[in-house]
Amino acid sequence: MITNLAQGVQAFTSNVFLIDGDRPVVVDTGANFDVVDAVRSHVDDLDAVVLTHTHRDHVGNLEGVTDAFGVDTWGYDTAIDGVDHAIEDEETVRLGDHEYVALHTPGHKNDHLCFYAEEAGVLFAGDLVFQNGSFGRTDLAEGDRDTLIESVDRVLERIDPTLEAMHTGHGPSVTEDPYEHVELAAQMARQM
């Protein structure tokens with residue numbers, strides 16, 4: 001089961017996804033709200049924190065979560081404070097009850113990862129792409145439009161057109177034709 005713990009929060013934060021199951025994890029910790037209580041209202045324990053990337057709105061609550069649950073953090077770049085273990089490009093990681101392949105997808109930020117579970121039909125897109133063809137900002141440090149386009153294309157080649165759900169770093173999750181939203185993002189990123 002995947003729950004967005006930041007849904008309805010009126011603060012500057014990313015989405016925070018709790019994936020329950022065999023290996024309960026949080027994907028991104030958000031910022032500026034009590035995510036520890038939100039986690040505890042659903043599960044007693046966590047196995048890990050997994051990061052799509054390390055922008056402040058995605059990791060502001062990181063220390064609080066790792067301290068409260070005594071867990072390590074997994075992300076792309078262990079040179080960044082708070083990231084304990086590296087997830088390599090194309091590495092398979094277990095989140096909840098499913099195996100996800102990690103895809104290194106820079107362009108919004110150099111350490112950006114997406115996670116795709118073919119069997120479950122689920123994509124965690126972080127800030128790479130959003131609903132209705134929106135895509136991650138490239139005007140921040142480490143942002144690069146051409147690199148982002150390459151990353152969106154890579155995800156598009158990897159995911160199945162029958163993708164059932166795309167969970168994004170901001171805004172609502174996409175459960176109706178998410179593949180088309182990724183296709184649209186690939187087109188929109190080229191036009192702007």
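The values are calculated or read from the model by the stated rules, or taken from the named source; none is laboratory data. Note that the coordinates shown come from a computational prediction; the quantities given were computed from them, not determined experimentally. Cβ atoms come from the backbone with ideal geometry, glycine included; neighbour counts cover every protein chain shown.
Taken across segment 155-166, residues that are more than 22 Å from Gly96 (Cβ to Cβ), modelled with pLDDT of 95 or more and out of contact with any helix residue (DSSP H, G or I) (no Cβ under 9 Å at 6 or more places or on another chain) do occur, with at least one present. If you go through segment 26-56 and keep only what is within 12 Å of the chain's Cα centre (by Cα) and aliphatic (A, V, I, L, M), you end up with Val26, Val27, Val49, Val50, Leu51. Every listed requirement among (1) among the acidic types (Asp, Glu); (2) touching a Ser or Thr at 6+ places or on another chain (Cβ under 6 Å); (3) within 30 Å of Gln187 (Cβ to Cβ) is met by Asp84 save one, (3).
Every listed requirement among (1) more than 30 Å from Leu46 (Cβ to Cβ); (2) touching a strand residue (DSSP E or B) at 6+ places or on another chain (Cβ under 8 Å); (3) of a type outside the set (Asp, Glu) is met by Val182 save one, (1).
Here Val101 does not qualify as surrounded by 22 or more Cβ atoms within 10 Å (Cβ to Cβ), in contact (Cβ under 8 Å) with a residue 12 or more places away in the chain and out of contact with any His (no Cβ under 9 Å at 6 or more places or on another chain).
For residues in segment 57-85 being under 20 Å from Asn32 (Cβ atoms) and free of Cβ contacts under 8 Å to residues at least 12 places away in the same chain, which is nearest to the chain's Cα centre (by Cα)? Going through the qualifying residues, I end up with Asp81. Beta carbons closer than 8 Å, at least 6 apart along the sequence or on distinct chains, pair a first residue in segment 132-161 that is of a type in the set (Gly, Ala, Ser) with a second that is exposed (fewer than 15 other Cβ atoms within 10 Å of the Cβ) for Gly133/Gln187; Ser134/Gly171; Gly143/Arg137.
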